[in-house]
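The structure under discussion appears below in the form of structure tokens.
The values are calculated or read from the model by the stated rules, or taken from the named source; none is laboratory data. These figures come from a predicted structure and were not determined experimentally. Neighbour counts run over all protein chains shown; Cβ positions are idealised from the backbone, glycine included. Heads up: the accessible areas ignore ligands, DNA and RNA and are worked out on the full protein's heavy atoms, side chains in. Shrake-Rupley method; radii C 1.70, N 1.55, O 1.52, S 1.80 Å.
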Amino acid sequence: MTFRDSVYERARRVPRRIVLPEGNDPRVRAAAARIEALGLGSVQLLDRTAPLSPLPEMVRLLRTRHPQKFPTDATAHAALQHPLTFGAALVGLGRADVMVGGATFPSGDTIRAALWTVGTAPGITTVSGAFYMVRDGAVLTFTDCAVVPEPTAEQLADAAVAAAGDRRRVVGDQPVVAFLSYSTKGSAEGPRVARVRRAVELLVTRRPAFAFDGELQTDAALVVEVAARKAPGSPAAGHANVLVFPDLDSGNIGYKLVQRLGGWEAIGPILQGLARPVADLSRGATADDIVDTVAVAVLQAGEQT
């Protein structure tokens, strides 16, 4: 069974209410039909040909969560005319389990809608993005490859926690986290190395229930023989399956190199760190990409509803 087959099979066991807010797009309509045919859940398509009619609860949700940004009903009502905000509000109110959007809007719109209506998960203050890199039965989580250009040490730790939690739900195995750097255990110095080390220190204080280590070069994180030389005794080196990149440049470049030159499939970006699943799409997404993202988001919802 392939990774995709596994994701679809497990997602079918917990069918969810799925909002697709860009119902005028033919890719989205094709994906909706396939989602329901596959038994992944019931789909609500939002039609942008007519003004949206926000529920009073949606208005209250925005005003309660962000009173300074939405000081009046009118300001909240205006924001809810955006289909991504409307769809995310359905998730925030518990009237839907998952929203997947962004096929026709930039990522910033999706993230903003999610933060306004759903917010971050307990203990996490930063939304990040991951790709699941798949080849021949192997699955690696790459994070953050989509959201934070220059993460702080705290944001790197948040990305690790979010990625590890989602990996348990989506992949179904135990996360082993490596914080990547151009240095392994003091082989080099510099402010970027220090930031990665600080992220590891912060994660130690959070006592997560998964193995992790850093700073590690990529070969030390993935190759047992290299790990034995560079990081003997490490709880993560040599068998990491979650790679935390030190910045968005390296994360985005890294996943695309692995995808284009290494022949790995990239599933994502998958938003992490939200209290409930709101997923972002590339504006170049195909109908199949949308179905994949929905299936992953359904699994993200598994322990959150």
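When D249 is tested against (1) part of a helix (DSSP H, G or I); (2) of a type in the set (D, E, K, R); (3) over 21 Å from the mean Cα position of the chain (by Cα), only condition (3) is not met. Number of residues in region 255-283 that are at negative phi and not in a loop (DSSP other than H, G, I, E, B) equals 17.
Under 25 Å from R169 (Cα atoms) and open to solvent by 80 Å² or more (accessible area, probe 1.4 Å): which single residue out of R65, R60, R12, R29 fits that description? Exactly one residue qualifies, and that residue is R12.
Of A220, A301, which residue is over 15 Å from M133 (Cβ atoms), small (G, A, S), within 20 Å of the chain's Cα centre (by Cα) and open to solvent by less than 10 Å² (accessible area, probe 1.4 Å)?
Details: A220 fails: within 20 Å of the chain's Cα centre (by Cα).
Unique residue meeting the criteria: A301.
Taken over region 71-89, residues that are under 19 Å from G108 (Cα atoms) and either free of Cβ contacts under 8 Å to residues at least 60 places away in the same chain or among the aromatic types (F, W, Y) (or both) amount to 9.
Report yes if V134 is of a type in the set (V, I, T) and either closer than 18 Å to T293 by Cβ or open to solvent by 30 Å² or more (accessible area, probe 1.4 Å) (or both), otherwise no. For V134, the condition - of a type in the set (V, I, T) and either closer than 18 Å to T293 by Cβ or open to solvent by 30 Å² or more (accessible area, probe 1.4 Å) (or both) - is met.
This table checks each residue for (1) closer than 22 Å to R283 by Cα; (2) within 17 Å of the chain's Cα centre (by Cα); (3) not hydroxyl-bearing (S, T, Y).
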{"site": "A30", "(1), (2), (3)": "yes, no, yes"}
{"site": "L46", "(1), (2), (3)": "yes, no, yes"}
{"site": "T49", "(1), (2), (3)": "yes, no, no"}
{"site": "R65", "(1), (2), (3)": "no, no, yes"}
{"site": "L80", "(1), (2), (3)": "yes, no, yes"}
{"site": "A88", "(1), (2), (3)": "yes, yes, yes"}
{"site": "A96", "(1), (2), (3)": "no, no, yes"}
{"site": "V100", "(1), (2), (3)": "yes, yes, yes"}
{"site": "I111", "(1), (2), (3)": "yes, yes, yes"}
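Would you please name the residue that is farthest from D144 (Cα to Cα), looking only at residues in region 109-131 that are in a helix (DSSP H, G or I) and open to solvent by 40 Å² or more (accessible area, probe 1.4 Å)? Give the derivation first.
At the first step, the residues of region 109-131 found to be in a helix (DSSP H, G or I) are 109-117.
Now narrow it down to the ones that are open to solvent by 40 Å² or more (accessible area, probe 1.4 Å): 112, 115-116.
Values: R112: 17, L115: 18, W116: 21 Å.
Going through the qualifying residues, I end up with W116.
The set of residues in region 246-258 that are open to solvent by 20 Å² or more (accessible area, probe 1.4 Å) and either under 25 Å from Q174 (Cβ atoms) or of a type in the set (G, A, S) (or both) comprises P246, S250, Y255, V258.
What number of residues within region 284-303 satisfy the criterion of being outside any helix (DSSP H, G or I) and in contact (Cβ under 8 Å) with a residue 24 or more places away in the chain?
Narrowing region 284-303 to residues outside any helix (DSSP H, G or I): 284-286.
So of that shortlist, the ones also in contact (Cβ under 8 Å) with a residue 24 or more places away in the chain come out as 285-286.
Residues in region 284-303 being outside any helix (DSSP H, G or I) and in contact (Cβ under 8 Å) with a residue 24 or more places away in the chain: 2 in total.
Of all the residues in region 226-245, those that are in a helix (DSSP H, G or I), buried (at least 19 other Cβ atoms within 10 Å of the Cβ) and without any contact (Cβ under 8 Å) to a residue 24 or more places away in the chain number 1.
Cβ-Cβ contacts under 9 Å between residues 6 or more apart (or on different chains), taken from a first residue in region 181-209 that is open to solvent by 80 Å² or more (accessible area, probe 1.4 Å) to a second residue that is among the aromatic types (F, W, Y), are listed as R192/Y182; V204/F212. Based on this model, can you work out whether G102 counts as buried (at least 23 other Cβ atoms within 10 Å of the Cβ) and modelled with pLDDT under 95? So G102 passes the test. Summed over region 134-180, residues that are part of a loop (DSSP other than H, G, I, E, B) and either in contact (Cβ under 8 Å) with a residue 12 or more places away in the chain or among the hydroxyl-bearing types (S, T, Y) (or both) total 15.
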